[in-house]
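The values are calculated or read from the model by the stated rules, or taken from the named source; none is laboratory data. Quantities reported herein were computed from a predicted structural model and do not represent experimental measurements. FYI the Cβ positions are ideal-geometry reconstructions off the backbone, even for glycines, and counts take in every protein chain you see. Areas reflect the complete protein model, heavy atoms only, side chains present, ligands, DNA and RNA absent. Shrake-Rupley method; radii C 1.70, N 1.55, O 1.52, S 1.80 Å.
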Amino acid sequence: MTKGITQPLDSYRLAEISAPVPCYICESSNTHNAEFCHDCAAPMALAHQARSQKLHPRMIATIGPSAVGKTVYLGMLMDMLSRQPDRLHLLARGAFSITLQQTTVAALARCRFPQKTPNEPDRWNWVHSQIHRRDQPIPLELIMPDMAGEAILEEVDHPHSYRVIRAFLEKCAGALILVDAIKLKEGSLEQDFFTMKLLTYLSELVEAPRNAWSNRPVGIVFSKADQCEGCMRDPTAFAEKHAKGMTRQCLERFPKHKFFAAGVAGACAFREIPGEPRVRVPLRIEPRGIVEPFEWILDYIDV
Ligand SMILES: Nc1nc2c(ncn2[C@@H]2O[C@H](COP(=O)(O)OP(=O)(O)OP(=O)(O)O)[C@@H](O)[C@H]2O)c(=O)[nH]1
Ligand SMILES: [Mg+2]
Ligand SMILES: [Zn+2]
């Protein structure tokens, strides 16, 4: 006699795994176990987190040319917000969201600045965090990547060359554009030109008037302002004096704009090793103006 037994079928698990997962940034379909999106190379962890917790994180861009200070600014911002329990507090979601803060703070603690961000999107640090604000009962889910300046410049000069940057900027709720205060003060026009290109790119990115970038907040942050006291005192006057083109574009195309100044170093020196290029090193860490631009942009973003 044969005994009848009940054998549960596990095939539903296969169905779950074979269902495609849309990338959170570019919406391309990916397999369940993909680590990076096959189309734009954004980490699929963002999509898995958003799906499993039924969340729709908002996104803020921190952009600017190479060596303007994006990695230092973002790493410092994350570190300050994760430590201060007051009105604005950040909780990282997923271990990968802590890497940027960790590498920046480790470098600064050794009196060094962090390494240049690689150009390959699958090597960028993405921060997914939960922002708690004292005056807001519901926390804000936020995604902020640290992208390479050279890749941003390439996409601005040759649209569609970096799918991830284009798709991300189309969806962003707002942007912080970093501009090098030291270079502007020295009279270099390159920063003004690059920022004008970036502003033009953003203003032409989305056609639908309701979603246009002219409705989104754009904060212009003069970085390295620790080396430029005038800029720290009055960033708007500094913009009018040293970056006329960009200031005009902001006035004409971005009604929600504001100028800020930020810096992380109390004093800097140059380290010279024979046979190697001179490198700027921070002697003291004295962050100023880091949280203000971020707090300003949050005021425009709904949960
Ligand atoms: N004085 C001063 N120098 C800074 C500050 N932030 C950055 N720097 C200098 O600017 C350099 C570049 O900073 P990063 O944060 O790596 O620049 P980035 O915009 O991330 O550059 P990419 O990764 O190439 O896009 C550093 O190595 C420092 O020399 C700052 O707050 N103050
Ligand atoms: Mg960088
Ligand atoms: Zn993608």
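A few notes on this one:
- Cys residues of the chain that find no other Cys beta carbon under 4.7 Å: 111, 172, 250, 268.
- Computed with the Debye formula from one identical point scatterer per Cα of region 242-303, without solvent, the log10 of I(q)/I(0) at q = 0.18, 0.21 Å⁻¹ comes to -0.85, -0.92.
- Considering only 239, 34, 92, the Gaussian network model of the chain with Cα springs below 10 Å gives its largest mean-square fluctuation to 34.
- Length released on extending from residue 211 to residue 136, taking residue separation times 0.36 nm less the Cα-Cα span: 24.6 nm
- Which listed pairs, of 116/171; 54/256; 116/244; 171/224; 183/241; 171/241, have C-alpha distances above 22 Å, in listed order: 116/171; 54/256; 116/244; 171/224; 171/241
- Label-point gap, in nm, between residue 158 and residue 286 - each point 7 angstrom along Cα→Cβ: 4.4 nm
- Rounded to the nearest 10 Å², the accessible area of residue 135 at probe 1.4 Å: 120 Å²
- The residues of the chain expose, per residue, 51 Å² of accessible area to a 1.4 Å probe.
- Length-normalised contact order of region 57-298 in % [C-alpha pairs under 8 Å, at least 6 apart]: 20 percent
- Fully extended contour minus Cα-Cα distance, from residue 270 to residue 248, at 0.36 nm per residue: 4.4 nm
- Percent accessible area from carbon and sulfur atoms, the chain, protein chains only, probe 1.4 Å: 52 percent
- For region 169-266, averaging the sequence separation of C-alpha pairs within contact (under 8 Å, six or more residues apart) and dividing by the residue count gives a relative contact order of 36 percent.
- Length released on extending from residue 51 to residue 120, taking residue separation times 0.36 nm less the Cα-Cα span: 22.3 nm
- Shape box of the chain [Cα atoms, principal axes, largest first, Å]: 94, 48, 45
- Selection of GluC sites (Glu not before Pro), region 214-278, meeting DSSP coil and at most 10 other Cβ within 10 Å: 272
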